[in-house]
Structure formats: structure tokens, C-alpha cells
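Visitor: Dropping a structure here in C-alpha cells format, bear with me for questions.
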Ligand code: SF4
Ligand code: SF4
């Protein structure tokens, strides 16, 4: 599964620098697929939309730190466990029940993001 941040988030910012995929953004801040990855060509995200790698995308949340599902690998390929969950002081980085993903899918995403 991708990890998600719940509305228990206290916006401390501790998780953001820990993500090896730059999948975590502050609420209200736009994201790009190229940020922290090697993606340099048009990229199709989970919605089916193909986006420009450097184009700013709408924040997932305006209130809380958020995780871009298309960039989260659950830290597969980098660490034994999700680093955001490991550092979060209020344990609000949790598996997203809407996005159950196998280890092989997460590993493939990691390879795609860091080709
Ligand atoms: S689980 Fe890992 S890859 Fe996913 S958002 Fe957290 S730190 Fe980033
Ligand atoms: S570490 Fe937890 S509380 Fe702090 S910004 Fe990240 S998700 Fe929110």
C-alpha cells in the first residue's frame, strides 16, 4: 500500500526530509513528479492522466502535510520500513486502505522513479 497522512497530522514537518522519493509535501504546496526523481519525460499517474514532469500539480491537501501516492513506494528499494511513519510523533502516517499494492508493484515504481 502507499502510505497516507491522516488529519491527526500536527504539521511538524519531520517526515518530509526523510522520504527517499520526495513524495511528501507541506499542505498547500504544489508537487511535481520530477522533484526528487529521475523522471524527465511525460508520466502517467494513477488517475490515467499523463503529466509533464516539471509541471506543478494540485496539492493533495491544503491543511496537512500530504503524500503523493504516485511517488510513494512505502520506502521499498531504500529502507526496511516507511521512514515517514518511523519519525512521525503522532503516528498519523498509515497504510492507505484505498491503495493496496504488492511489494513487486512498489519495487517497480521505485525503479521507474529512479531509473
Ligand atoms: S513510506 Fe517512504 S516513500 Fe512513502 S511517503 Fe513515507 S517516506 Fe516517502
Ligand atoms: S511527521 Fe507526522 S505530524 Fe509531522 S508533518 Fe509528518 S505526518 Fe504530520
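Visitor: Could you grab me the full set of residues in the stretch 60-83 that are surrounded by 13 or more Cβ atoms within 10 Å (Cβ to Cβ), away from ligand 2 (no atom under 14 Å from the Cβ) and at negative phi?
Guide: Answer for the stretch 60-83, where residues must be surrounded by 13 or more Cβ atoms within 10 Å (Cβ to Cβ), away from ligand 2 (no atom under 14 Å from the Cβ) and at negative phi: 69, 70, 71, 73, 76, 78, 79.
Visitor: Let me ask something else about it. Hey, among 37, 47, which residue is assigned to a loop (DSSP other than H, G, I, E, B) and touching a residue at least 60 places away in the same chain (Cβ under 8 Å)?
Guide: Unique residue meeting the criteria: 37.
Visitor: Moving on. Is it true that residue 46 is closer than 20 Å to residue 115 by Cα and surrounded by fewer than 19 Cβ atoms within 10 Å (Cβ to Cβ)?
Guide: Criteria met by residue 46.
Visitor: Keeping to the stretch 53-69, report how many residues are in contact with a strand residue (DSSP E or B) (Cβ under 8 Å, 6 or more places away or on another chain) and farther than 21 Å from residue 8 by Cα.
Guide: 3
Visitor: Quick one: count up the residues across the stretch 83-105 that are in contact (Cβ under 8 Å) with a residue 60 or more places away in the chain and within 27 Å of residue 41 (Cα to Cα).
Guide: Counting residues in the stretch 83-105 that are in contact (Cβ under 8 Å) with a residue 60 or more places away in the chain and within 27 Å of residue 41 (Cα to Cα) gives 3.
Bear in mind these aren't lab numbers, they're just calculated from the coordinates by the rules spelled out. These numbers come from a predicted model, not from an experiment. Using ideal geometry, Cβ is built from the backbone for each residue, glycine included, and neighbour counts are taken over all protein chains shown.
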